[in-house]
Amino acid sequence: MAERDPALYRPCAGLMIVNEASRVFVGKRIDTKEGDWWQMPQGGVDPGENADEAAFRELYEETGIARDKVEVIARTEEELFYDLPEELKGKLWGGRYIGQRQNWYLMRFSGSDADIDLNAHDPAEFNEYRWTEAELLPDLIIPFKRPVYSAVLEIFRPHL
């Protein structure tokens with residue numbers, strides 16, 4: 001595969017949050033109109049922020065989970081890339097990016113469902129969440145993100 005120009009990809013942090021039963025947090029996006037897709041929390045790295053800072057900010061914004069309720073178990077060594085489908089290019093992120101480049105974090109959640117608040121940030125990202133088996137992740141995500149989810153699962157599998 002040809003080398004990708006990182007400037008064309010939105011920097012992002014992704015979170016694989018696992019509970020004591022090694023089940024993974026997935027949320028149903030509020031803005032998804034078609035399909036029954038579930039995803040792990042993820043979000044852009046803001047200007048002046050590094051991926052680690054973005055990961056903890058996104059953790060709270062998308063799930064309401066406080067930083068002291070998770071322990072980072074692992075992090076991807078290299079960024080994982082995905083390209084937007086043609087119909088979305090030029091429409092998301094002000095048309096500035098053709099996809100995302102993501103640093104992923106495996107976090108062990110030590111809290112309970114009472115520590116989760118999908119409305120912690122306005123606007124909320126998810127309208128529903130559930131805990132699922134890690135092996136199901138690639139089948140739950142929108143198809144153009146499946147290669148990244150498969151890679152994340154493979155990278156973090158030894159820690160699950």
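Points worth noting:
- Total residues in region 17-29 satisfying the condition of being in contact with a strand residue (DSSP E or B) (Cβ under 7 Å, 6 or more places away or on another chain), farther than 22 Å from TYR97 by Cα and surrounded by fewer than 20 Cβ atoms within 10 Å (Cβ to Cβ): the figure is 3.
Let's see how each residue does on (1) in contact (Cβ under 8 Å) with a residue 24 or more places away in the chain; (2) of a type outside the set (Phe, Trp, Tyr); (3) in a loop (DSSP other than H, G, I, E, B):
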{"site": "GLU87", "(1), (2), (3)": "no, yes, yes"}
{"site": "TYR97", "(1), (2), (3)": "yes, no, yes"}
{"site": "ASN103", "(1), (2), (3)": "yes, yes, no"}
{"site": "ARG108", "(1), (2), (3)": "yes, yes, no"}
{"site": "LEU118", "(1), (2), (3)": "yes, yes, yes"}
{"site": "PRO123", "(1), (2), (3)": "yes, yes, yes"}
{"site": "ASN127", "(1), (2), (3)": "yes, yes, no"}
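Per-residue answers, yes or no, for (1) out of contact with any Cys (no Cβ under 9 Å at 6 or more places or on another chain); (2) within 18 Å of VAL26 (Cα to Cα); (3) of a type outside the set (Lys, Arg):
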| residue | (1), (2), (3) |
| --- | --- |
| ARG57 | yes, yes, no |
| THR63 | yes, yes, yes |
| VAL72 | yes, yes, yes |
| THR76 | yes, no, yes |
| GLU87 | yes, no, yes |
| TRP93 | yes, no, yes |
| GLY111 | yes, yes, yes |
| ASN119 | yes, yes, yes |
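- Every pair of residues 6+ apart whose Cβ atoms lie under 9 Å, when the first sits in region 133-160 and is more than 14 Å from LEU15 (Cα to Cα) while the second is among the β-branched types (Val, Ile, Thr) and modelled with pLDDT under 95: ILE142/THR32
The values are calculated or read from the model by the stated rules, or taken from the named source; none is laboratory data. Just so it is clear, the model here is predicted, and its values are computed rather than measured. Ideal geometry is used to build each Cβ from the backbone, glycine not excepted, and the neighbour counts take in all protein chains shown.
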